[in-house]
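Peer 1: Structure below; questions to follow.
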Amino acid sequence: MDRKERALAAIEALKGLYPDAICSLEYEKPYELLISTRLSAQCTDKRVNMVTEVLYGKYPTLEALADAPIEDLEEIIHPCGLFHTKARDVKALAQTLVRDYNGQVPDTMEALTSLPGIGRKTANLVLGDVFHKPCIVTDTHCIRICGRLGLSEGKDPAKVERQLREIVPPMEGGDFCHRLVLFGRDVCTARKAMCDKCPMNHFCPSSSVKAE
C-alpha cells in the first residue's frame, strides 16, 4: 500500500467513525470563525467556545469589535492565554475587515493570510468551512496522526500541508482534517496511541497491533 492508497483508506476509515465532520469551534458568521481560530492557539476549542460566547454577546458586530476598548477585549480573552497578543489581533482584524473589505471575509489564501494574526492554518479552515474550497488544515492532530500513518514527514505545518495535498483528494481535505481532530482526541492522542481501538491498525505503519 503506497501513501496515496493509505490516505484513501484512512479517509474512509475515519468517515466510518465520524460521519458528521464538523468544526469544533462554534460560530455563526464567517468572521467569527476567523477570530475563534486565532483564539484557539495554545487553547482548547471548548474554552474558546466559552470565551467567544461572552465576546460575541457583548460585541455582536465587526464594527463593535473594531471600536472595543483593548483592555475590555483583553479581560474577556484572558482565559484563552496570550491575551495581550490575541486581543490586539482581534481588534486589528475587525478594523481591517471593516476598513478594507466592507465587513466581508475574503475568500483567497493570499488575502486571508494578509490579515492581522491569520496564518495558513486558519486561512485553510475558513476556505474549507466557509467557502467550501479545497483545504488542508495542519493543526497538531493532523501533523501527529498523519506522521504516524506515514502520510507525511516532519512537523513543519507548511511542508505537511504540501505533502498531504499530493495524496488527499481536494474536496476531502477539509472533512478529513476535522475527523483527524476528533480522532486525535478520542483514540490517537498525543500521550498515547490506542492502537487496539483504531480502525486503521491493520495498515498503519506505527501500529502496535500486529496484523495476523
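Peer 1: Could you derive backbone 3J(HN,Hα) for segment 88-101 from the dihedral phi with the Karplus parameters 6.51, -1.76 and 1.60 (θ = phi - 60°), listing whole Hz in sequence and x where the residue is Gly or Pro?
Peer 2: 4, 5, 4, 5, 5, 5, 4, 4, 5, 5, 5, 6, 9, 10
Peer 1: Quick one: which of 58/121; 4/155; 121/192; 4/46; 121/197; 91/133 span more than 22 angstrom between C-alpha atoms?
Peer 2: Numbers: 58/121 27 Å; 4/155 19 Å; 121/192 25 Å; 4/46 33 Å; 121/197 29 Å; 91/133 27 Å.
Among 58/121; 4/155; 121/192; 4/46; 121/197; 91/133, the Cα-Cα distance tops 22 Å for 58/121; 121/192; 4/46; 121/197; 91/133.
Peer 1: With a Förster radius of 25 Å, plug the Cβ-Cβ distance of residue 113 and residue 166 into 1/(1 + (r/R0)^6) and report the FRET value to the nearest 0.05. Write down the numbers at each step before the final one.
Peer 2: On the way: r = 21 Å, r/R0 = 0.85.
With a Förster radius of 25 Å, E is 0.75.
Peer 1: Further question on the same structure: Can you tell me how much longer the chain between residue 84 and residue 58 gets when fully stretched, taken as 0.36 nm per residue apart minus their C-alpha distance, in nm with one decimal? Before the final figure, lay out the partial values.
Peer 2: On the way: separation 26, 0.36 × 26 = 9.36 nm, distance 1.86 nm.
Gain on extension, residue 84 to residue 58, equals 7.5 nm.
Peer 1: Extending each Cα 7 Å along its Cβ direction at residue 206 and residue 70, get the distance between those two points in nm, one decimal.
Peer 2: 4.0 nm
Peer 1: Between residue 131 and residue 47, 0.36 nm times their residue separation minus their Cα-Cα distance comes to what? The partial results should precede the final answer.
Peer 2: Working: separation 84, 0.36 × 84 = 30.24 nm, distance 2.55 nm.
Separation in residues times 0.36 nm, less the Cα-Cα distance, equals 27.7 nm.
Peer 1: Mind listing the Cα extents of segment 16-158 along all three principal axes, in Å, largest one first?
Peer 2: 47, 30, 29 Å, listed from the longest principal axis down.
Peer 1: OK, next. Across the chain, where is the longest run that never hits trypsin sites (Lys or Arg not before Pro) in a DSSP loop with at most 10 other C-beta atoms within 10 Å?
Peer 2: Numbers: sites that count: 191, 192, 210.
Within the chain, the longest run free of exposed trypsin sites (Lys or Arg not before Pro) spans 1-190.
Peer 1: What number do you get for segment 131-200 when its Cα radius of gyration is normalised by 2.2 N^0.38 Å, N = residues? Please report the intermediate quantities before stating the final value.
Peer 2: Working: Rg = 11.7 Å, N = 70, 2.2 N^0.38 = 11.1 Å.
Compactness ratio reported: 1.06.
Peer 1: Right, here's the next one. By the scheme Lys and Arg +1, Asp and Glu -1, what is the net charge of all other residues having a beta-carbon under 13 Å from that of residue 28?
Peer 2: On the way: positive: 29; negative: 26, 32, 53, 129.
Here the count lands on -3.
Peer 1: List the GluC sites (Glu not before Pro) within segment 1-47 that fall in a DSSP loop (any state other than H, G, I, E or B) and whose Cβ has at most 13 other Cβ atoms within 10 Å. Let's see the in-between values first.
Peer 2: Details: sites: 5, 12, 26, 28, 32; in loops: 26, 28.
Here the GluC sites (Glu not before Pro) that fit, given the DSSP loop and packing criteria, are 28.
Peer 1: How much mean residue ellipticity at 222 nm does the chain get from its helices, if each DSSP H run of length 4 or more adds -39500 (n - 2.57) and you divide by all residues, to the nearest 500 deg cm²/dmol?
Peer 2: Numbers: 11 runs with 118 residues, N = 212.
Counting only the DSSP helices, I get -16500 deg cm²/dmol.
Peer 1: Each residue of segment 115-121 in turn: what ³J(HN,Hα) in whole Hz from Karplus with 6.51, -1.76, 1.60 and θ = phi - 60°, glycine and Pro shown as x?
Peer 2: Per-residue couplings from phi come out as 6, x, x, 9, x, 5, 4 Hz.
Peer 1: Just to confirm the number: angle between the C-alpha axis of helix 30-39 and the first principal axis of the chain, 0 to 90 degrees, nearest 10?
Peer 2: That works out to roughly 80 degrees.
Peer 1: Okay, next question. Which net charge results when you count Lys and Arg as +1 and Asp and Glu as -1 among the other residues whose beta-carbon is under 12 Å from that of residue 79?
Peer 2: Numbers: positive: 46, 47, 86; negative: 53, 74, 75.
Neighbourhood net charge equals 0.
Read the figures in this text as sums done on the coordinates, not as results from a lab. Every value quoted in this text rests on a predicted model; they were computed, and no experiment measured them. Quick reminder, even Gly has a Cβ in these numbers, built from the backbone with ideal geometry, and neighbours come from all protein chains shown.
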